[in-house]
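To keep things clear, I will list the structure first and then write my remarks on it.
The values are calculated or read from the model by the stated rules, or taken from the named source; none is laboratory data. Just so it is clear, the model here is predicted, and its values are computed rather than measured. Cβ placement follows ideal geometry from the backbone for every residue including glycine, while neighbour counts extend to all protein chains displayed.
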Amino acid sequence: GAVVSQHPSWVICKSGTSVKIECRSLDFQATTMFWYRQFPKQSLMLMATSNEGSKATYEQGVEKDKFLINHASLTLSTLTVTSAHPEDSSFYICSAHQQGYEKLFFGSGTQLSVL
Amino acid sequence: DAKTTQPPSMDCAEGRAANLPCNHSTISGNEYVYWYRQIHSQGPQYIIHGLKNNETNEMASLIITEDRKSSTLILPHATLRDTAVYYCIVRVLIQGAQKLVFGQGTRLTINP
C-alpha cells in the first residue's frame, strides 16, 4: 500500500533555532498534504493544508510565519518550525492524499523537543 | 470542529469482539466515515471507511446505521496489539478542501 515517510523521527533543538521536518509520499503523487500536531494525551490538531505549487492554507490560530510550509513537488512537503520555543515541543504528523483514492496516508510522526 | 462523538475509553477481553460506537448525527449525504487508530507515539493507521453500506476488510468491519447518524467499528477477535486510540472521523469539506478533523477518540484497552 501507499507509504508516507516522515523525517526525522525525533529532534532535539535549542530555543531560538529552526527545525525542518520532511514528509514524502514514496510511491504516489500527493497534490495535497496535511500537517497535524499532537500534545501528550490529546488528539491530533490540524495545522495546515499543503498544496503543491501554491501557498499553504493554515487553520485558525496557527501562525504561518512560525510554521513555514513548502510543497515544492508532488512527493515532498516540508514544515519548518522557525525560532522554536519550548512550547513548540510536540508530536508533528503529516498525511498525504493520493488523488483518486478516498483515504489519507499518515507519516510516522516527528517528536520535537525544544530545550 | 470534529463532527463525531465517541466514548473516551473502553475495555475488551482478548479474543472477544471489540465494538466501538461512534455518533455522527450531523453527517451530510456525501460525507464518508473513516476509522483510524493510533498506537502510542506513532502516526495514525488507516482501518476502514464507508459511506452507506457496511464494509469489511482484513482488519475490521464497519456497520453504518441506515440513517447514517452512527456507526460501529468491529474488531472481530481482539488481540493485545489492538490496544490503541481509535478515531472515528467524518471527512469535512472546508473551504473547498476535504480534510480529516480528529475528535478525541476512544482509548481501547485489550485485557489478557
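The single residue among B:Glu31, B:Glu66 that is charged (D, E, K, R), out of contact with any strand residue (DSSP E or B) (no Cβ under 8 Å at 6 or more places or on another chain) and over 19 Å from A:Phe106 (Cα atoms) turns out to be B:Glu66. When B:Asn57 is tested against (1) free of Cβ contacts under 8 Å to residues at least 12 places away in the same chain; (2) more than 20 Å from A:Glu102 (Cβ to Cβ), just one condition goes unmet, and that condition is (2). Counted as qualifying within segment B:1-102 are the strands (runs of 3 or more DSSP E) with 1 or more residues that are surrounded by fewer than 18 Cβ atoms within 10 Å (Cβ to Cβ) and either touching a His at 6+ places or on another chain (Cβ under 7 Å) or within 11 Å of chain A (Cβ to nearest Cβ) (or both), namely B:45-50, B:84-94, B:97-100.
Pairing residues of segment A:103-115 that are more than 14 Å from B:Gln38 (Cβ to Cβ) with residues that are of a type in the set (Asp, Glu), at Cβ distances under 7 Å and at least 6 apart in sequence or on separate chains, gives A:Leu112/A:Asp88; A:Val114/A:Asp88. Count of segment A:77-97 residues, restricted to those that are surrounded by 18 or more Cβ atoms within 10 Å (Cβ to Cβ) and assigned to a strand (DSSP E or B), is 12. Among the residues of segment A:34-50, just one is charged (D, E, K, R) and modelled with pLDDT under 95, namely A:Lys41. Among the residues in segment A:45-67, are any farther than 21 Å from B:Trp35 by Cβ, among the β-branched types (Val, Ile, Thr), without any contact (Cβ under 8 Å) to a residue 24 or more places away in the chain and within 13 Å of chain B (Cβ to nearest Cβ)? So far as segment A:45-67 goes, yes, one or more of its residues are farther than 21 Å from B:Trp35 by Cβ, among the β-branched types (Val, Ile, Thr), without any contact (Cβ under 8 Å) to a residue 24 or more places away in the chain and within 13 Å of chain B (Cβ to nearest Cβ).
Here is a yes/no grid of residues against (1) surrounded by 16 or more Cβ atoms within 10 Å (Cβ to Cβ); (2) more than 23 Å from B:Thr4 (Cα to Cα); (3) at pLDDT 95 or above:
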{"site": "A:Val4", "(1), (2), (3)": "yes, yes, no"}
{"site": "A:Ser15", "(1), (2), (3)": "no, yes, yes"}
{"site": "A:Asp27", "(1), (2), (3)": "no, yes, no"}
{"site": "A:Thr32", "(1), (2), (3)": "yes, yes, no"}
{"site": "A:Glu52", "(1), (2), (3)": "yes, yes, no"}
{"site": "A:Lys64", "(1), (2), (3)": "no, yes, no"}
{"site": "A:Thr75", "(1), (2), (3)": "yes, yes, no"}
{"site": "A:Gln99", "(1), (2), (3)": "no, yes, no"}
{"site": "A:Glu102", "(1), (2), (3)": "no, no, no"}
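Going by the conditions given, is B:Arg107 closer than 24 Å to A:Ile93 by Cα, surrounded by 15 or more Cβ atoms within 10 Å (Cβ to Cβ) and modelled with pLDDT of 95 or more? So B:Arg107 fits the description; yes. Looking only at residues in segment A:104-115 that are part of a loop (DSSP other than H, G, I, E, B) and at the interface with chain B (Cβ under 7 Å from one of its Cβ atoms), the one that is surrounded by the most Cβ atoms within 10 Å (Cβ to Cβ) is A:Gly107.
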